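All remarks here apply to the structure that follows.
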Amino acid sequence: MRDAGARHPEASSLPFAEGASLPGAGITAVQSLREARLAAGKRVLVVGAAGGVGSMAVQLAKDAGAQVTAVASTDGQAFLARLAPDRAIDYQREDWKALGERFDIVFDASGTSSFPECRRLLAPGGTYVHTLPNAALFGWSWWLRLTAKERCVPVMERPNRADLETLVRLAAAGRIHSVVTRIGGPEDVPALQRAMEGGHNLGKIVARFAPDP
């Protein structure tokens, strides 16, 4: 983060916790949407939209001019409203896998779906993106390249300075925000880790080991 800030002095205007929380989830979202060929006007479904990666994906897709449908739990709906998706779905009240519409991109940031479950949601030539890939997803990715127009894209974050600088520019301009909902000290790390593993945290969690510089 310090290196990117040296090139972009405006990054110093970001709250330190927000800047520190940009790289992991933010880079994953940037790379996933690039692989999915995000463009203005595309219809995007983001599952797990109230989490770290999902909340960044909603904002990046909206900033690109896409039409965004965001899926989260009942507890995540107020959080989603801050991100201003075009539509919000409470998966505890509505089965998003049974939606009668089609999307150009289905982005599962929660790891709760499979490609076969979501294939019917894809428009012709649409892309399914998953950020917790397994052998089955890589198998589908290979098979679809040979047999179909739809795409299955397993994404694993790759450190990339240019992607981080993109995030810094957008955040410094106020176009996206890494929404930090919980900050703890060293003594809180076990509890913070359990919250992350539980998969129900909203936005980003930050562990602070020293005062802000």
Every pair of residues 6+ apart whose Cβ atoms lie under 9 Å, when the first sits in the range 105-116 and is free of Cβ contacts under 8 Å to residues at least 24 places away in the same chain and crowded, with 22+ Cβ neighbours inside 10 Å while the second is of a type outside the set (Val, Ile, Thr) and not in a loop (DSSP other than H, G, I, E, B): none
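Here's the yes/no breakdown for (1) in contact with a helix residue (DSSP H, G or I) (Cβ under 9 Å, 6 or more places away or on another chain); (2) polar (S, T, N, Q); (3) modelled with pLDDT under 90:
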residue: Ala109; (1), (2), (3): yes, no, no
residue: Phe115; (1), (2), (3): yes, no, no
residue: Leu121; (1), (2), (3): yes, no, no
residue: Phe138; (1), (2), (3): no, no, yes
residue: Arg158; (1), (2), (3): yes, no, yes
residue: Thr166; (1), (2), (3): yes, yes, no
residue: Arg175; (1), (2), (3): yes, no, no
residue: Thr181; (1), (2), (3): yes, yes, yes
Residue among Ala61, Ala40, Ala70 that is modelled with pLDDT of 95 or more, in a strand (DSSP E or B) and on the phi < 0 side of the Ramachandran plot: Ala70
Elements of type strands (runs of 3 or more DSSP E) contained in the range 99-213, each with 1 or more residues being under 18 Å from Glu35 (Cα atoms): 103-108, 122-130, 151-154
Residue within the range 117-124 that is closer than 19 Å to Ala70 by Cβ, under 18 Å from the mean Cα position of the chain (by Cα) and touching a residue at least 12 places away in the same chain (Cβ under 8 Å) present: yes
One residue from Ile183, Ile176 being surrounded by 12 or more Cβ atoms within 10 Å (Cβ to Cβ) and either on the phi > 0 side of the Ramachandran plot or touching a Lys or Arg at 6+ places or on another chain (Cβ under 6 Å) (or both): Ile183
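Are any residues in the range 84-93 outside any loop (DSSP other than H, G, I, E, B) and surrounded by 19 or more Cβ atoms within 10 Å (Cβ to Cβ), and if so, which ones? Even if it seems obvious, please write down each step before you answer.
Going through the range 84-93, the residues outside any loop (DSSP other than H, G, I, E, B) turn out to be 87-90.
Within the range 84-93, Ala88, Ile89 qualify.
Tell me the residue from Ala135, Ala81 that is exposed (fewer than 12 other Cβ atoms within 10 Å of the Cβ) and in contact with a strand residue (DSSP E or B) (Cβ under 9 Å, 6 or more places away or on another chain), please.
Numbers: Ala135 fails: in contact with a strand residue (DSSP E or B) (Cβ under 9 Å, 6 or more places away or on another chain).
Exactly one residue qualifies, and that residue is Ala81.
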Close pairs from the range 148-164: first closer than 13 Å to Tyr128 by Cα, partner surrounded by fewer than 20 Cβ atoms within 10 Å (Cβ to Cβ) and of a type in the set (Gly, Ala, Ser), Cβ under 7 Å, at least 6 apart: Lys149/Gly125; Glu150/Gly125; Cys152/Ser141; Val153/Ser141; Pro154/Ser141
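The values are calculated or read from the model by the stated rules, or taken from the named source; none is laboratory data. For clarity, every value in this text was computed on a predicted model and none was experimentally measured. Virtual Cβ from ideal backbone geometry, glycine too; neighbours counted across all protein chains shown.
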